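Here the structure is laid out as C-alpha cells; the discussion comes afterwards.
The values are calculated or read from the model by the stated rules, or taken from the named source; none is laboratory data. All values reported here derive from a predicted model rather than from experimental measurement. Please note: Cβ atoms are built from the backbone with ideal geometry, for glycine as well, and neighbour counts cover all protein chains shown. Each accessible area value is taken on the protein alone, full model and side chains, heavy atoms only, with ligands, DNA and RNA left out. Shrake-Rupley method; radii C 1.70, N 1.55, O 1.52, S 1.80 Å.
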Amino acid sequence: MAGIDRPAVLVFDVNETLLDIEALEPLFARFFGRPGMHREWFGQLVMYSMAVSLADCYTDFFTLGRSVVRMLADIHGVQLADEDVAALTDAMAAIPAHPDVAKGLSRLRDDGYRLAALTNSPTHADRPTALENAGLGDYFEHLFSVDELRVFKPATELYQHTAREMGARPEACMMVAAHVWDTIGAQAAGFRGALIARPGNVPLRADGIHQPDVIAGDLVDLARQLAQIFQK
C-alpha cells in the first residue's frame, strides 16, 4: 500500500471477525449428533442471505438463521423442537469475542483510527446487540446493521451508506473482515480491504477479483501491520 494515504475509518465485520462462532459448536453437536454442523449452517446462512438479496426479498439474519437450521434438520432427518430453535437465537446474540479482539481494538483506537462495525445481524432498541453482549460496544462510534437498507453484505450500497454516515469518502475507509466476500464487496464500493485470516479463511486468488490490501492473522497483527505501513 505504498503511496496510499492512511485510512481514517476502520469498518469491522462482526460475526467470525470479532465474535467466535466456534462457541456455537456444542449447540449444533447436540442438535445433530455430529461435529462441524455449525460450519455447514453458517455457510448456508451466508449463501441464503446473498440469495435473498439477489432475489430482492428480505428477512432479518436471525430469522434466516432459524429457517436455515430447520432446513438442515429436514435434510439430515433430525427433529428440532421450538425451544431448540429459540436456543439458537439466544446463542447467536451471546457469541463471545475472540481473545485478540479487545487488545487489537484498543491499540487501533489508540493509534487514532475511527472504528465502526457493519453487521448482517439485526439490532433492536430494546435489547443489547451481540457486540454489547460481548463487551465490545464501547470501542465503536457506530454499529451499522444491514436491516437499515434491508439488503445483505456484500451489496455495495451498504458500504457506501456506511461511509456516508461516518462522514468519510469510501477511499478513506478500510473494511476489516474474516470473509473475503466481505472485503470484495467493500473494495468494489471504493474501500480498502483487510482480511483477518481466521481458521478456514484465506484470500480467493483469481484474476479480476479484488485482493485484500492487508492480510493479518488477528486484530493485534492488523494493528502491528498498519503501524508499520503508515509510520508517523
Name, by its number, the condition in (1) in contact (Cβ under 8 Å) with a residue 12 or more places away in the chain; (2) out of contact with any helix residue (DSSP H, G or I) (no Cβ under 6 Å at 6 or more places or on another chain); (3) in the same structural domain as H179 (by the TED database) that does not hold for D110.
-> (1)
Inspect the range 67-75 for any residue being open to solvent by less than 50 Å² (accessible area, probe 1.4 Å) and assigned to a loop (DSSP other than H, G, I, E, B) and give the result as yes or no.
-> no
Taking the range 204-220 and the residues there that are of a type in the set (A, V, I, L, M), closer than 16 Å to V11 by Cα and out of contact with any Lys or Arg (no Cβ under 6 Å at 6 or more places or on another chain), the one that is most open to solvent (accessible area, probe 1.4 Å) would be I215
Spot the failing condition for W41; the list is (1) outside any helix (DSSP H, G or I); (2) open to solvent by less than 30 Å² (accessible area, probe 1.4 Å), and only one is missed.
-> (1)
Those residues that are β-branched (V, I, T) and open to solvent by 20 Å² or more (accessible area, probe 1.4 Å), I need them from the range 8-33; list them, please.
-> none
Checked the range 76-99 for anything part of a loop (DSSP other than H, G, I, E, B), closer than 25 Å to E132 by Cβ and of a type outside the set (G, A, S); matches are I95, P96, H98, P99
Residue under evaluation Q228, criteria (1) polar (S, T, N, Q); (2) over 17 Å from D5 (Cβ atoms); (3) open to solvent by 20 Å² or more (accessible area, probe 1.4 Å), criterion not met | (2)
Which number in (1) open to solvent by less than 30 Å² (accessible area, probe 1.4 Å); (2) in a helix (DSSP H, G or I) marks the one condition that L118 misses?
-> (2)
Selection from the range 190-203 of residues under 17 Å from V9 (Cβ atoms) and either outside the structural domain of Q225 (by the TED database) or surrounded by fewer than 21 Cβ atoms within 10 Å (Cβ to Cβ) (or both) yields G190
Residue satisfying condition, being in contact (Cβ under 8 Å) with a residue 60 or more places away in the chain, out of contact with any helix residue (DSSP H, G or I) (no Cβ under 7 Å at 6 or more places or on another chain), over 25 Å from F61 (Cα atoms) and assigned by the TED database to the domain that holds E16, within set A172, A206, A178, A134 = A172
